[in-house]
Amino acid sequence: MKVLFVCLGNICRSPMAEAIFKNMVAEKGLSRDIFVSSCGTAGYHIGKPPHDGTRDILKSHGISHDGMQASKLEKRHLKEYDALIAMDEANFADIMRLKDDSDTAWVRLLSDFSKGDWVSVPDPWYTGDFEQTYALLTESCEMLLKYIMEKSE
């Protein structure tokens, strides 16, 4: 299973989700079975590390972000990955504009795996609230991992 988290610039939400999910996958001993990455729908920050706020919140929770660099969503990702997980409705729409019938990936909003009533992961680039983003991502990544594990049984 290959999972790709997608946000706008790939320096706040999607790399945070990638790091959180990788950590959860490793804790379950599934690193050989589940590959995790992230990208952005825009190329503003290609090659840059995650935002300072993202790095700080991950570090405070003991989660590594080593080696992470921003990259941009490409059409090939819809064939190379099994699941593309969008952080908000705009990211979802951008992914769906690239998707055609030959693509094998399923595309979902991360909020589809939430217990809450929110739809979009607020972008801490604008809100400054990395704690809120971390909490929403952690809850939803737990539910996503549970979904993937149940689906593969």
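Observations
- Approximate shape of the chain as ellipsoid semi-axes (Cα gyration tensor, √5λ), whole Å, largest first: 20, 18, 15
- Residue 35 long-range amide H proximity, modeled H, under 5 Å: 2, 3
- Working note: Karplus 6.51/-1.76/1.60 with θ = phi - 60° gives segment 11-24 the couplings 10, 10, 6, 5, x, 5, 4, 4, 5, 4, 5, 4, 4, 5 Hz, where Gly and Pro are set to x.
- Per-residue packing, averaged as other Cβ atoms within 10 Å, sorts the ranges 78-86, 139-147 into the order 78-86, 139-147, beginning with the highest.
- By the rule of a C-alpha distance below 14 Å, with chain neighbours fewer than 8 residues away ignored, the aspartates and glutamates paired with residue 99 are 74, 80, 82.
- Sulfur and carbon atoms: percent of accessible area, the chain [1.4 Å]: 49 percent
- Peptide ranges 114-124, 60-70, 17-27 listed from the most packed, as the mean C-beta count within 10 angstrom indicates: 17-27, 114-124, 60-70
- Per-residue ellipticity at 222 nm computed for the chain from its helices equals -12500 deg cm²/dmol, with DSSP H segments shorter than 4 residues left out and the rest contributing -39,500 (n - 2.57).
- The residues of the chain have, on average, 50 Å² of accessible surface per residue, using a 1.4 Å probe with all protein chains present.
- Rounded to the nearest 20, the size of the Cβ-charge dipole of segment 23-77 about its Cα centre is 200 debye, with Lys and Arg at +1 and Asp and Glu at -1.
- Pairs from 48/146; 2/48; 48/79 whose Cα-Cα separation, in the structure shown, is over 28 Å: 48/146
- Whole-Hz ³J(HN,Hα) from phi, Karplus 6.51 cos²θ - 1.76 cosθ + 1.60, for segment 115-125, glycine and proline x: 7, x, 10, 8, 10, 10, 6, x, 7, x, 4
- Computed from backbone phi with θ = phi - 60° and the Karplus coefficients 6.51, -1.76 and 1.60, the 3J(HN,Hα) list for segment 75-81 is 3, 4, 4, 6, 9, 7, 10 Hz; x is used for glycine and proline.
- Between amide H atoms placed 1.01 Å from N, distances below 5 Å from residue 71 occur with 40, 47, all of them 5 or more places distant or on a separate chain.
- Amide H within-cut-off set for residue 107, under 5 Å, with H built and near neighbours excluded: 84
The values are calculated or read from the model by the stated rules, or taken from the named source; none is laboratory data. What you are looking at is a predicted structure, and each value in this text was computed from that prediction instead of being measured. Positions of Cβ are generated from backbone atoms using ideal geometry, with glycine treated the same way; all protein chains shown enter the neighbour counts. Side chains included, ligands, DNA and RNA excluded: accessible areas come from the protein's heavy atoms. Shrake-Rupley method; radii C 1.70, N 1.55, O 1.52, S 1.80 Å.
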